[in-house]
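Novice: Before I ask anything, here is the structure I am working with.
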Amino acid sequence: MDDPDEAARVIANGTWLYDSAVPFPVSIVAFPFDYWLEVGPADYEDAPVEPTPIGPDGHLYYVSFGARRVDSPGYASIEEAKAEAQRRVPSVIAWG
């Protein structure tokens, strides 16, 4: 695939508060393949070195804290990806 990011589909958008006042966006994005196998683990220090099995619906879900970025390993479900996003921020994420 020439550009793996072109296959990304935003599944959920949310907002969390930095310092209890400044809103920051977070998204859950879906890919029909293991993103880290396409781009290589050198691009993300926590990328898994073994393939992540695709979820039962044919996708893996990733946390994104910035435009066109993937900031997590892949998860088999949207709920798992949302839980990972929540673990990474100090306030409750409001999902829209």
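The values are calculated or read from the model by the stated rules, or taken from the named source; none is laboratory data. Here the structure is a predicted model, which is why all the values come from computation and not from measurement. In this analysis, Cβ positions are derived from the backbone assuming ideal geometry, glycine residues included, and neighbour counts consider all displayed protein chains. Protein only, heavy atoms only, side chains kept; ligands, DNA and RNA dropped before computing areas. Shrake-Rupley method; radii C 1.70, N 1.55, O 1.52, S 1.80 Å.
Novice: Any residue in the stretch 32-59 that's closer than 13 Å to Tyr75 by Cβ: show its pairings with residues that are modelled with pLDDT of 65 or more and outside any loop (DSSP other than H, G, I, E, B) at Cβ separation under 7 Å, as long as the two are six or more apart or on different chains.
Specialist: Qualifying pairs under 7 Å: Asp34/Leu60; Tyr35/Leu60; Tyr35/Tyr62; Pro48/Trp36; Thr52/Leu60; Ile54/Leu60; His59/Ala30; His59/Phe31.
Novice: I'd like to verify a number: residues in the stretch 78-89 that are open to solvent by 30 Å² or more (accessible area, probe 1.4 Å) and free of Cβ contacts under 8 Å to residues at least 40 places away in the same chain, how many?
Specialist: 6
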